[in-house]
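No value in this document is a laboratory result; all are computed from the given coordinates. As the structure is a prediction and not an experimental result, all values here were calculated from the model. Positions of Cβ are generated from backbone atoms using ideal geometry, with glycine treated the same way; all protein chains shown enter the neighbour counts.
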Amino acid sequence: MTRVGKARRETSETKVEALVELDGKGLCTVSTGYRFLDHMINTLARHSLTDITVEASGDLRHHVVEDTAIVLGMAFDNALGDRAGIKRFGHAIVPMDESLALAAVDLVKRPKPVINLKTTLETIEDIPVTEIIHFLETFTTNLNATIHIDVIKGADDHHKTEAAFKALAQALKQAIEHEPRTKTPPTTKGIM
């Protein structure tokens, strides 16, 4: 069974569409108009082995970043369905040159983002750091997950952020994996 999720959001400010295939090969087609955001979404796809397609346009950067996060999170959530038969938890510690980042994921359907990138610059490439953090928080909320991301150390803000996205991707890759020993949602409550 292929686990695919789609989502779309069109407002007076933005138009965003996303398609996610959880059992993919890490392929990505993304166009948001912001190179660093495209790079991070591509990184998320590549290292989680999910196939991601995102097409986004809009009036202001904040609106595009926020609505892209909403739609991408919803597409992942839709692909997961009732979350029966998944491992649910995932974690990773990932280096990128001098930077080191940790991510832990619980696909519990209780949204809680805890994000600490420890950046020092106001902007990375063509995106303010506040927008990157907002993207991760909004993605987490719309995925209906608890996600902790913590940059442990680093000097270069690009490297710190990229390590964080790679760690998130690796943690998601674990959490969405099939657990062959069960067909039910991984919870004592019986429902996620």
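Side notes on the structure shown:
- Every pair of residues 6+ apart whose Cβ atoms lie under 7 Å, when the first sits in segment 138-164 and is in contact (Cβ under 8 Å) with a residue 12 or more places away in the chain and more than 14 Å from M74 (Cα to Cα) while the second is charged (D, E, K, R) and crowded, with 24+ Cβ neighbours inside 10 Å: V151/K160; G154/K160
- Looking across F165, F139, F135, one residue alone is within 21 Å of V71 (Cβ to Cβ) and in contact with a His (Cβ under 9 Å, 6 or more places away or on another chain). It is F165.
- Against the criterion of being crowded, with 18+ Cβ neighbours inside 10 Å, among the aromatic types (F, W, Y), over 24 Å from P180 (Cβ atoms) and in contact (Cβ under 8 Å) with a residue 60 or more places away in the chain, F135 qualifies.
- Entirely in segment 1-81, the strands (runs of 3 or more DSSP E) that have 3 or more residues that are small (G, A, S) and either surrounded by 18 or more Cβ atoms within 10 Å (Cβ to Cβ) or touching a residue at least 12 places away in the same chain (Cβ under 8 Å) (or both): 51-58
- Pairs meeting the criteria (first residue in segment 88-101 and under 14 Å from L172 (Cβ atoms), second residue among the basic types (K, R) and not in a strand (DSSP E or B), beta carbons under 6 Å, at least 6 apart or on different chains) are V94/K166.
- Failed item in (1) out of contact with any Leu (no Cβ under 7 Å at 6 or more places or on another chain); (2) at negative phi, with F165 passing the rest: (1)
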